[in-house]
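The values are calculated or read from the model by the stated rules, or taken from the named source; none is laboratory data. Note that the coordinates shown come from a computational prediction; the quantities given were computed from them, not determined experimentally. Neighbour counts are summed over all protein chains in view; Cβ atoms, including those assigned to glycine, are modelled from backbone coordinates with ideal geometry.
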Ligand code: HEM
């Protein structure tokens, strides 16, 4: 640490050494404090990523938004980035939604987005409540001393059940698809063969699921996968069967671990701000505003969104070349004092709250409303059922789960 309290490594020094992507501090749930200095002094800076590649860190709120929406920046194929030295290009995989571009992406979004609007998802609110209540009741029943672990009992199981029930994925198949999902989420640094094997395995699973749904026929076809399948069979429809396979793969990659990790971090933030948590319990009408603040405050994504420049351009005096990786840092943007007064303070009444937790522009998170709904219902149920909830161990001693680049508490020991 230097005298300003930051731990930013050097920008390229005289010897050309690059700073590493700032790492989380194990004792601090906040984003790496190095970003405060980068936002002021080096809003665009080349850094060394954990996988050995280099990328341009973008740390200011307005630049992060602009980068997500910039047509000169594209999302690279997971099966083709980082670029390989050897001449053999990997065999093609179906693109996930994130990797789709142009007219193809527009067409697929047009078919899928209406299924994920706030209004359309209202049918899930009572179901999410029932699932959340059942999980809390089970935790309480199985505890002899009014203590438990909220991660194991609540934040791990809830998001997958919600995702499965919303989109029509069989929860009972989880041992078939989750290992591949987890491989892909920690893909940085893995050999390409392993990444491809996991991608193909997920595609095969999705294709098999669609075969099953096709055989079941329309009478059982009310779920999202079946609705999209029907669209793919409609004359002049917006989707192909491959797009529906991509939908299933994308849901399993984008809609699972993010939600688990965010929910655990959000509960940690609440438990370490007990006054604000009690106020929320007494005034639950503020929960939706609180959810937005928790989305802003949790530094879930630290330089993990990789974009690649399609052409040369200059930003804040830095020449970015075609092919360079560009990393808009959501965890930094959401703490930018130019966008949020007193940005490091958790303020559950903060409004407006233009956070970038779900990205920005044409690839804005499809699951944003589902995530909001789930967190809002989960908080309501938790505060109703366990009004005296508190951490049972000091926050500083809690271990982190770092099995994917999204850091979250590995345990949340609580008493009630
Ligand atoms: C806390 C939870 C979540 C966070 C923080 C999050 C964050 C994000 C971000 C930042 C992006 C944009 C990436 C980019 O532009 O390169 C994104 C895209 C996406 N997310 Fe989420 N997400 C979450 C939950 C979910 C859930 C539950 C689902 C599914 C139901 C989902 C589905 C998607 C999809 C399909 C995309 C790609 C959209 C496209 O490319 O058109 N996400 N998410």
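The criterion of being in contact with a strand residue (DSSP E or B) (Cβ under 9 Å, 6 or more places away or on another chain) and either outside any helix (DSSP H, G or I) or touching a residue at least 24 places away in the same chain (Cβ under 8 Å) (or both) holds for residue 67. Of the residues screened, residue 415 is one that is over 13 Å from the mean Cα position of the chain (by Cα) and surrounded by fewer than 19 Cβ atoms within 10 Å (Cβ to Cβ). The set of residues from segment 140-169 being more than 16 Å from the ligand (Cβ to nearest atom) and surrounded by fewer than 20 Cβ atoms within 10 Å (Cβ to Cβ) comprises 140, 141, 142, 143, 144, 145, 146, 147, 149, 152, 153.
Starting from residues that are modelled with pLDDT of 75 or more and assigned to a loop (DSSP other than H, G, I, E, B), keep the ones in segment 84-108 and report whichever is farthest from the ligand (Cβ to nearest atom). Checked segment 84-108; the qualifying residue farthest from the ligand (Cβ to nearest atom) is 93. For segment 183-196, the candidate set comprises residues that are more than 16 Å from the ligand (Cβ to nearest atom) and assigned to a helix (DSSP H, G or I); within that set, the residue that is surrounded by the most Cβ atoms within 10 Å (Cβ to Cβ) is 195. Restricting segment 243-288 to residues that are surrounded by 19 or more Cβ atoms within 10 Å (Cβ to Cβ) and not in a helix (DSSP H, G or I) leaves a set whose member that is nearest to the ligand (Cβ to nearest atom) is 255. The set of residues in segment 322-346 being touching a helix residue (DSSP H, G or I) at 6+ places or on another chain (Cβ under 6 Å) and either surrounded by fewer than 18 Cβ atoms within 10 Å (Cβ to Cβ) or farther than 17 Å from residue 58 by Cα (or both) consists of 346 alone.
Residues in segment 135-150 that are in a helix (DSSP H, G or I) and closer than 17 Å to residue 411 by Cα: 135, 136, 139, 140, 150.
In segment 312-321, the count of residues that are surrounded by 19 or more Cβ atoms within 10 Å (Cβ to Cβ) and out of contact with any helix residue (DSSP H, G or I) (no Cβ under 6 Å at 6 or more places or on another chain) is one or more. Summed over segment 197-209, the residues that are modelled with pLDDT under 95 and either over 16 Å from residue 78 (Cβ atoms) or outside any helix (DSSP H, G or I) (or both) give a count of 0. Residue 180 meets the conditions (1) in contact with a helix residue (DSSP H, G or I) (Cβ under 6 Å, 6 or more places away or on another chain); (2) more than 21 Å from residue 403 (Cα to Cα) in every case but one. The failed one is (2). What is the number of the single condition among (1) closer than 27 Å to residue 223 by Cα; (2) in contact with a helix residue (DSSP H, G or I) (Cβ under 8 Å, 6 or more places away or on another chain); (3) at pLDDT 95 or above; (4) within 12 Å of the ligand (Cβ to nearest atom) that residue 113 does not meet? The single condition residue 113 does not satisfy is (2). Just wondering, is there one or more residues in segment 391-403 that are outside any loop (DSSP other than H, G, I, E, B) and under 28 Å from residue 41 (Cβ atoms)? No, the conditions are met nowhere in segment 391-403.
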